[in-house]
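> Here it is, the structure, as structure tokens.
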Amino acid sequence: VLSLGVDIGGTKILAGAVSESGQVVAERRAASPAQNPDQMVDTVSNMIQQLISEVGPVGSIGVAAAGFVNLERSNILYAPNLNWRNEPLQLRISERVGQEVFIENDANAAGWAEFRFGAARNFQSMVMLTLGTGVGGAIVDGGRLMRGGFGIAGELGHITVMRDGRDCGCGRKGCIEQYASGTALLRSAIELADSSDPKGERLRELRSAAGELSGHQAYQAVSENDPGTIELVEQASKHLASAMASLVAVLDPEVFVIGGGLSELGETLLSPLRSELAKQLPAAGFRPVAQVVRAEFSNQAGVIGAAELARESESKL
Ligand SMILES: [Zn+2]
């Protein structure tokens, strides 16, 4: 039996029909009407209906969104990039499509995809960190997704790594999101290129050739082994390892799964992350060191995880 998954982001919406083994068998994508909640409900409901008309009736429907989902999994309490404040998303979409839908946070959904079918499928306890525009997180302990007392556990991007550090959109300062997201790394690259530091020379060249310095140019500098840019990646991994060491103190996971756009840097990011984590661990040298692996699903993780969580919720009813 197929399950549908929808992943609502700030710029695009992905939807897919997903098999019991986590294969996406049909897919739809649309631009995200991020600032208009009514249009969002329309767009998502239409995508669900189109997929059902393509693949036939489905057993369950899961919708993942970039926001705080309440413990009852009915409302989006807060979504900084989507203009939702206590939005009863579950009810509104369920009414439109004539079938109950399940709501989940997008990072939790992506983490569940990795836990069930991807990089963490052989583990029972994992922490996933999604390094994209921001830093998302998901925690699985003893085979269960950790949701916390109010449904909002796993907002790992807001662990403080720098006292009085960079301002964060959450209202605090020094959050890991401001040091180890794709956005943060690009910002550091632009700062280096703007400086007169000789380490920024290659970034300056790439910027004048392309007319801009975006993630693409930064990625190119890394793949050319530009020492200045690699140093920025290593600094980001130090900060990230510091947050991960704190997570180890609390959660003791077997594995960290690293996803999101920055994970495309592969071993350039993961290798310093592993050595820094081993150094920064509490009681380093006297405890097992969690593995650090790259996520296996890229764009489809949210769709696969939302569909699977919905399937599992449905089977428990
Ligand atoms: Zn924050």
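The values are calculated or read from the model by the stated rules, or taken from the named source; none is laboratory data. Quick caveat: nothing in here was measured; it's all calculated off a predicted structure. Backbone-built Cβ (ideal geometry, glycine too); neighbour counts: all protein chains shown. SASA here: full protein model, heavy atoms, side chains in, ligands and nucleic acids out. Shrake-Rupley method; radii C 1.70, N 1.55, O 1.52, S 1.80 Å.
> Helix-only estimate, please: 222 nm mean residue ellipticity of the chain, summing -39500 (n - 2.57) across DSSP H runs of length 4 or more and dividing by its residues, to the nearest 500.
Here the helix-only value at 222 nm equals -13000 deg cm²/dmol.
> Amide H to amide H, which residues 5 or more places from ARG294 or on other chains are under 5 Å from it, using H placed in the peptide plane?
Distant-sequence amide H within range of ARG294: ILE258.
> Please work out whether the range 29-76 counts as rounded, prolate or oblate from its C-alpha gyration tensor, where a ≥ b ≥ c are the square roots of the eigenvalues and a/c under 1.5 means rounded, while otherwise a/b larger than b/c means prolate and anything else oblate?
The shape class here is oblate.
> So what J values fall out for the range 195-209 if you push phi through Karplus, 6.51 cos²θ - 1.76 cosθ + 1.60 with θ = phi - 60°, rounded to Hz, Gly and Pro as x?
7, 9, 4, x, 5, x, 4, 5, 5, 5, 4, 5, 5, 6, 5
> How are the C-alpha pair distances of the range 47-174 spread across 10 Å bins, as whole percents from the shortest bin up?
The distribution over the range 47-174 is 12, 36, 35, 15, 3, 0, given as percents.
> Quick one: how many lysine pairs does the chain have with C-alpha atoms less than 27 Å apart and a gap of 8 or more or different chains? Give me the count, please. Intermediate results must be reported in sequence, preceding the final value.
On the way: LYS173/LYS238; LYS173/LYS279; LYS199/LYS238; LYS199/LYS279; LYS238/LYS279.
Taking the chain as the scope, the lysine pair count is 5.
> Nearest 5 percent is fine: what portion of the DSSP beta bridges confined to the chain is antiparallel? Please report the intermediate quantities before stating the final value.
Details: 28 of 48 bridges.
Antiparallel bridges make up about 60 percent of those DSSP assigns within the chain.
> Please list, ordered by chain and number, the residues whose modelled amide H lies under 5 Å from the amide H of PHE102; skip anything fewer than 5 residues away on the same chain.
ILE61, GLY62, VAL63
> Hey, another quick one. Ordered by residue, what ³J(HN,Hα) values in Hz, to whole numbers, does the range 223-231 give under the Karplus form 6.51 cos²θ - 1.76 cosθ + 1.60, where θ = phi - 60° and Gly and Pro are x?
Per-residue couplings from phi come out as 5, 8, 6, 5, x, x, 6, 4, 4 Hz.
> How many nm is it between the label spots at ALA249 and PHE286, if each spot is 7 Å from the Cα in line with the beta carbon?
Calculated label separation equals 1.5 nm.
> How are the C-alpha pair distances of the chain spread across 20 Å bins, as whole percents from the shortest bin up?
33, 55, 12, 0
> Counting only protein heavy atoms, what percent of the accessible surface of the range 26-72 is carbon or sulfur at a 1.4 Å probe?
49
> Okay, next question. Tell me, what is the per residue accessible area of the chain in Å², probe radius 1.4 Å? Before the final figure, lay out each step's value.
Working: 14090 Å² over 317 residues.
Result: 44 Å² of accessible area for each residue.
> Can you tell me, using C-alpha contacts under 8 Å and at least 6 residues apart, the relative contact order of the chain as a whole percent?
Relative contact order for the chain comes out at 21 percent.
> Okay, next question. Express as a percent, rounded to the nearest 5, the fraction of DSSP beta bridges in the range 54-161 (both residues included) that run antiparallel. Don't skip to the end; give the middle numbers.
On the way: 13 of 18 bridges.
The answer is about 70 percent antiparallel.
> For ASN299, which sequence-distant residues (separation of 5 or more, or a different chain) have an amide H within less than 5 Å of its own amide H, given hydrogens modelled in the peptide plane?
Sorted by chain and number, the residues that satisfy this come to none at all.
> If you don't mind, there's one more thing I want to ask. Write down the Kirkwood hydrodynamic radius of the range 215-317, to one decimal in angstroms, obtained as one divided by the mean of 1/r over all alpha carbon pairs.
15.4
> Tell me whether the range 98-155 comes out rounded, prolate or oblate; compute the Cα gyration tensor, take square roots of the eigenvalues as a ≥ b ≥ c, and use a/c under 1.5 as the rounded threshold.
Judged from the Cα gyration tensor, the range 98-155 comes out rounded (a/c under 1.5).
> Could you state how much accessible area TYR219 has, in square angstrom rounded to the nearest 10, with a 1.4 Å probe and all protein chains kept in place?
Ignoring ligands and nucleic acids, TYR219 comes out at about 110 Å².
> For the range 148-266, state the average projected area of the convex hull of the C-alpha atoms over all orientations, rounded to one decimal in nm².
8.7
> Right, here's the next one. Give me the percent of the accessible area of the range 143-188 that comes from carbon and sulfur atoms, probe 1.4 Å, all protein chains in place.
The C+S portion of the solvent-accessible surface of the range 143-188 is 50 percent.
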